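Trainee: One structure coming up, written as structure tokens, with questions to follow.
The values are calculated or read from the model by the stated rules, or taken from the named source; none is laboratory data. Owing to the predicted nature of the structure, the values given are computational and were not obtained by experimental measurement. Backbone-built Cβ (ideal geometry, glycine too); neighbour counts: all protein chains shown.
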Amino acid sequence: MDETFRPLVEELEEFLTTAALSAKQLAHIVDGFSARARAGGMSLGRVMVGYRLLNPIFNSQTVRWGPETGCVVELHPHGESETSEEFLRSPIHTLITTDAFEIRRRVDGANAPLDYPILSELGAAGLTDYLAVKVSFTSETMPAAPGNGLIFSFASERPGGFLDEEIEALGRLKRIFALAVRSRMETAMRETLATTYLGRTAGGRVLGGEIARGEGRAVDAVIWYCDLRGSTALCETLGVGAYLPLLDDYFSASAGVVDRHGGDILDFIGDAVLAIFPQSDAGLQRALDATREAQSALAAFAARHRVFDGRSDVAEIAGIAIDVGTVVYGNIGIEDRLTFSAIGPSVNKVARIERLTKTLRETVLVTGAVAKASPGAFRSRGTFALEGVADAQELFGLA
């Protein structure tokens, strides 16, 4: 390697190695690399890192650095970013969809080949040279699956563009830079998967090491259960293609509300939602606040879908049951296939109580423990025998 940038490259390699082993955020890594490279004499006026995400909401992420702006992080939603005109006419799209590993263009001067719209923008910003590089983690080409590679781009502000020595230095640094970024990508993917499929609390506990079968804790909690009425008939009427969007909308009106109020969603059981609100964190109040909002959200949900025409009462759409009790919250299943959930008498009880909401034409039914803690909010609907529950239970509907 040319001696011009050797000391700087060695400094950046040390920085990136340390960063790859640290818990630093990606923006810190990109900013640290870019600022050090610029301070060491490289003519960087813009740096970008982009890659696919494994995320239910966002398709990809880019981190852009500039000497004046620092790092700007952008998240690109599914269905928009990958079909946008900006993306389809970009060097990034070319690198992803072809065998090319590198695209370099001069962006200054009358004869600059401005064959991508981004090049005109860079030239207007005073930049002179552009280099985009693909780094694959799996093979000579970059598969579309998240986590299999990334794209870097670098732009120079030096009159005349990048020096050959700068291009050589960036070529040497790209792999270790990619390793540092990959460490953050994989951490984010792991956390997203755990949170998406297990929830915030359970996901955090599993990532923290609670993964052995039988590991669990007794938790005093409010148990919250909501079920959609007549789901089989709805699916038959609408067909699976139309029913799934409706079901997702229903979950937004029920589970989405629980999530916003800090509840832990334990499971989607067909079209039912099972959640808990730990009592250690004002669980009952948060559960009741979520229930009030869920009633409004479910009414709006019904109004959005013509299949519910004629059903003016939320009690005809869904039922909610709430109890207070101690649950065991942890890993259950077989040795190599587990789920993180809650078990206990109250979990079974709320499912039985919810069935009575339809019989009693109540949107919400709660046990005496819940009603006692909220004087005036509920009225007794009588005492009922519940399947699998030893003692008859007095149940309460909204006052």
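Trainee: Hey, could you check the range 221-268 for residues that are of a type in the set (Asp, Glu) and over 21 Å from residue 203 (Cβ atoms) and say which is surrounded by the fewest Cβ atoms within 10 Å (Cβ to Cβ)?
Mentor: Per the criteria, the residue is 236.
Trainee: Kindly evaluate residue 390 against the criterion of being over 13 Å from residue 222 (Cα atoms), modelled with pLDDT under 95 and hydrophobic (A, V, I, L, M, F, W, C).
Mentor: When the stated conditions are applied, residue 390 passes them.
Trainee: Give me the residue from the range 232-283 that is farther than 28 Å from residue 327 by Cα and polar (S, T, N, Q) and, out of that set, nearest to the chain's Cα centre (by Cα).
Mentor: 232
Trainee: Specify the residue that is nearest to residue 198 (Cα to Cα); the eligible residues are those in the range 32-50 that are surrounded by fewer than 24 Cβ atoms within 10 Å (Cβ to Cβ) and within 24 Å of the chain's Cα centre (by Cα).
Mentor: Step by step, filter the range 32-50, then rank; the result is 50.
Trainee: Then there is this: What's the number of the only condition in (1) assigned by TED's automatic domain parsing to the domain that holds residue 33; (2) under 27 Å from residue 285 (Cβ atoms) that residue 189 fails to meet?
Mentor: (2)
Trainee: Looking at this structure, is residue 94 surrounded by 14 or more Cβ atoms within 10 Å (Cβ to Cβ), part of a strand (DSSP E or B) and in contact with a strand residue (DSSP E or B) (Cβ under 7 Å, 6 or more places away or on another chain)? Reasoning before the result, please.
Mentor: Numbers: surrounded by 14 or more Cβ atoms within 10 Å (Cβ to Cβ): yes; part of a strand (DSSP E or B): no; in contact with a strand residue (DSSP E or B) (Cβ under 7 Å, 6 or more places away or on another chain): yes.
Against the criterion (surrounded by 14 or more Cβ atoms within 10 Å (Cβ to Cβ), part of a strand (DSSP E or B) and in contact with a strand residue (DSSP E or B) (Cβ under 7 Å, 6 or more places away or on another chain)), residue 94 does not qualify.
Trainee: Could you list all residues from the range 260-287 that are within 22 Å of residue 229 (Cβ to Cβ), of a type outside the set (Gly, Ala, Ser) and not in a strand (DSSP E or B)?
Mentor: If the condition is that a residue be within 22 Å of residue 229 (Cβ to Cβ), of a type outside the set (Gly, Ala, Ser) and not in a strand (DSSP E or B), then 271 is the only one that fits.
Trainee: When the range 305-319 is examined, which residues are found to be touching a residue at least 40 places away in the same chain (Cβ under 8 Å) and exposed (fewer than 12 other Cβ atoms within 10 Å of the Cβ)?
Mentor: The first filter runs over the range 305-319 and keeps only residues touching a residue at least 40 places away in the same chain (Cβ under 8 Å), leaving 305, 307, 313-319.
Passing the criteria: only 313.
Trainee: Additional query: Which count do you get for residues in the range 211-248 that are charged (D, E, K, R), at pLDDT below 95 and either in a strand (DSSP E or B) or not assigned by TED's automatic domain parsing to the domain that holds residue 282 (or both)?
Mentor: Final tally of qualifying residues: 2.
Trainee: Same structure again: Quick one: which residue in 90, 120, 139 is assigned by TED's automatic domain parsing to the domain that holds residue 28 and more than 29 Å from residue 187 (Cβ to Cβ)?
Mentor: 120 is the lone residue from the list that is assigned by TED's automatic domain parsing to the domain that holds residue 28 and more than 29 Å from residue 187 (Cβ to Cβ).
Trainee: Kindly list, by first and then second residue, each pair from a residue in the range 75-89 that is at pLDDT 85 or above to a residue that is of a type in the set (Lys, Arg), limited to pairs with Cβ atoms under 6 Å and residues at least 6 apart or on different chains.
Mentor: From the range 75-89, no pairs qualify.
Trainee: Being surrounded by fewer than 16 Cβ atoms within 10 Å (Cβ to Cβ), among the charged types (D, E, K, R) and assigned to a helix (DSSP H, G or I) is true for just one of 175, 184. Which residue is that? Show your work before the answer.
Mentor: Working: 184 fails: surrounded by fewer than 16 Cβ atoms within 10 Å (Cβ to Cβ).
Sole residue among the options that is surrounded by fewer than 16 Cβ atoms within 10 Å (Cβ to Cβ), among the charged types (D, E, K, R) and assigned to a helix (DSSP H, G or I): 175.
Trainee: Only one of these conditions is not met by residue 365: (1) over 27 Å from residue 198 (Cβ atoms); (2) surrounded by fewer than 20 Cβ atoms within 10 Å (Cβ to Cβ); (3) at pLDDT 95 or above. Which number is it?
Mentor: (2)
Trainee: Counting only residues that are touching a helix residue (DSSP H, G or I) at 6+ places or on another chain (Cβ under 6 Å), β-branched (Val, Ile, Thr) and closer than 30 Å to residue 78 by Cβ, how many does the range 101-151 have?
Mentor: The total comes to 4.
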